[in-house]
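The values are calculated or read from the model by the stated rules, or taken from the named source; none is laboratory data. Note that the structure is a prediction, hence the values are computed from the model and not measured. When we count neighbours, we look across all protein chains shown, and the Cβ atoms used for this are built from the backbone with ideal geometry, even at glycine. Surface accessibility is based on the protein's heavy atoms, side chains included, excluding ligands, DNA and RNA. Shrake-Rupley method; radii C 1.70, N 1.55, O 1.52, S 1.80 Å.
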Amino acid sequence: MATVKYLGHSCFTIVTGGTNLIIDPFLTGNPLAGAKAADIKVDYILVTHGHGDHFGDTLEIAKKNDATVIGPNEIAVYCQANGVDAHNMHIGGGWNFPFGRVKLTIAHHGYSAGDDLDMGGSPCGFIITVEGKKIYHAGDTGLFMDMQLIGEEGIELALLPIGDNFTMGIDDAVRAVSFIKPKKVVPMHYNTFDLIKVDPEEFKSKVTDAKCVIMNVGDTLEV
Ligand code: NI
Ligand code: MN
């Protein structure tokens with residue numbers, strides 16, 4: 001069993017075997033964060049895109065833990081330029097890491113010069129295969145029909161943004177669940193800021209194609 005823990009916003013840790021992963025480690029500056037960056041112990045950091053609420057504490061955590069960043073090429077190059085080990089990937093590509101496979105998916109979103117990272121690039125989502133189960137972290141994205149292709153891979157757990165304004169809102173996230181057909185879905189990217197305040201119970205009540213689990217910050221889920 002792998003253990004998935006929610007640290008707020010779009011940040012999750014995954015513990016599988018003896019390996020610790022963290023996704024989108026936005027902790028410093030997140031009023032709802034479930035951990036301090038200085039306390040994070042990880043081997044790998046997966047980053048969907050360069051916005052500050054996702055890249056977050058990546059460099060600090062990577063340096064402190066001698067961890068490897070996994071993400072789109074632009075993110076990886078930026079990390080390498082800052083003295084951090086990184087594995088360059090891009091959308092559609094997968095790689096078999098010692099802990100399992102990571103494949104990058106599309107995400108309809110953006111980031112560019114002027115954001116926290118002074119560069120452009122394509123945001124992504126991740127399909128992370130650990131212990132034979134697939135976890136889909138959508139990153140920041142609007143709804144897209146190709147989520148059906150992601151669903152065809154057989155998703156155990158989908159982590160989907162529901163906060164609206166910058167990403168899918170509740171109704172589109174419900175449609176995403178019907179495309180992906182995961183066994184379980186967890187909402188993310190809501191209530192951190194005023195612009196993304198929504199009621200996760202409304203999402204849960206509308207999801208009929210999967211078991212919806214609302215994770216409070218600090219909650220864990222076995223996959
Ligand atoms: Ni973003
Ligand atoms: Mn975001």
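Output the residues belonging to region 42-59 that are part of a loop (DSSP other than H, G, I, E, B) and either within 9 Å of ligand 1 (Cβ to nearest atom) or farther than 15 Å from His9 by Cα (or both).
Initially, region 42-59 is screened for residues part of a loop (DSSP other than H, G, I, E, B), giving 42-43, 47-51, 56-57.
The answer is Val42, Asp43, Thr48, His49, Gly50, His51.
Only residues that are modelled with pLDDT of 95 or more and either surrounded by 15 or more Cβ atoms within 10 Å (Cβ to Cβ) or within 14 Å of ligand 2 (Cβ to nearest atom) (or both): list them for region 95-122, please.
If the condition is that a residue be modelled with pLDDT of 95 or more and either surrounded by 15 or more Cβ atoms within 10 Å (Cβ to Cβ) or within 14 Å of ligand 2 (Cβ to nearest atom) (or both), then Phe97, Phe99, Gly100, Val102, Lys103, Leu104, Thr105, Ile106, Ala107, His108, His109 are the ones that fit.
So, in region 203-218, how many residues would count as being in contact (Cβ under 8 Å) with a residue 24 or more places away in the chain and either surrounded by 14 or more Cβ atoms within 10 Å (Cβ to Cβ) or of a type in the set (A, V, I, L, M, F, W, C) (or both)?
Of the residues in region 203-218, 10 are in contact (Cβ under 8 Å) with a residue 24 or more places away in the chain and either surrounded by 14 or more Cβ atoms within 10 Å (Cβ to Cβ) or of a type in the set (A, V, I, L, M, F, W, C) (or both).
Quick one: in region 135-165, of everything that is among the hydrophobic types (A, V, I, L, M, F, W, C) and without any contact (Cβ under 8 Å) to a residue 40 or more places away in the chain, which residue is nearest to ligand 2 (Cβ to nearest atom)?
Ala138
Which of (1) of a type in the set (A, V, I, L, M); (2) within 16 Å of Cys11 (Cβ to Cβ); (3) out of contact with any Gly (no Cβ under 8 Å at 6 or more places or on another chain) is the odd one out, the single condition Met147 does not satisfy?
Among (1) of a type in the set (A, V, I, L, M); (2) within 16 Å of Cys11 (Cβ to Cβ); (3) out of contact with any Gly (no Cβ under 8 Å at 6 or more places or on another chain), the lone unmet condition for Met147 is (2).
Restricting the search to region 1-26, which residues are part of a loop (DSSP other than H, G, I, E, B), open to solvent by 10 Å² or more (accessible area, probe 1.4 Å) and over 22 Å from Ala107 (Cα atoms)?
Met1, Gly17, Gly18
Open to solvent by 30 Å² or more (accessible area, probe 1.4 Å), closer than 20 Å to Asp24 by Cα and in contact with an Asp or Glu (Cβ under 7 Å, 6 or more places away or on another chain): does that describe Phe166?
Details: open to solvent by 30 Å² or more (accessible area, probe 1.4 Å): yes; closer than 20 Å to Asp24 by Cα: yes; in contact with an Asp or Glu (Cβ under 7 Å, 6 or more places away or on another chain): yes.
So Phe166 fits the description; yes.
If the Cβ limit is 8 Å and pairs must be 6+ apart or interchain, which residue in region 85-101 that is touching a residue at least 24 places away in the same chain (Cβ under 8 Å) pairs with which residue that is open to solvent by 60 Å² or more (accessible area, probe 1.4 Å) and part of a loop (DSSP other than H, G, I, E, B)?
The qualifying pairs are Phe99/Gly17; Phe99/Asp43; Gly100/Glu131.
Condition (residue is open to solvent by 10 Å² or more (accessible area, probe 1.4 Å), modelled with pLDDT under 95 and part of a loop (DSSP other than H, G, I, E, B)) applied to region 133-142: is it met by at least one residue? Explain how you work it out, then say what you get.
Keep residues of region 133-142 that are open to solvent by 10 Å² or more (accessible area, probe 1.4 Å), which gives 133-134, 142.
Among the residues that remain, those that are also modelled with pLDDT under 95 are: none.
Within region 133-142, none of the residues are open to solvent by 10 Å² or more (accessible area, probe 1.4 Å), modelled with pLDDT under 95 and part of a loop (DSSP other than H, G, I, E, B).
Would you please name the residue that is farthest from Lys5 (Cα to Cα), looking only at residues in region 30-40 that are surrounded by fewer than 13 Cβ atoms within 10 Å (Cβ to Cβ) and at pLDDT 95 or above?
Here the answer is Ala38.
Check Asn88 against each of (1) within 22 Å of Val186 (Cα to Cα); (2) open to solvent by 30 Å² or more (accessible area, probe 1.4 Å); (3) among the polar types (S, T, N, Q) and name the one condition it does not meet.
If we test Asn88 against (1) within 22 Å of Val186 (Cα to Cα); (2) open to solvent by 30 Å² or more (accessible area, probe 1.4 Å); (3) among the polar types (S, T, N, Q), just (1) comes out false.
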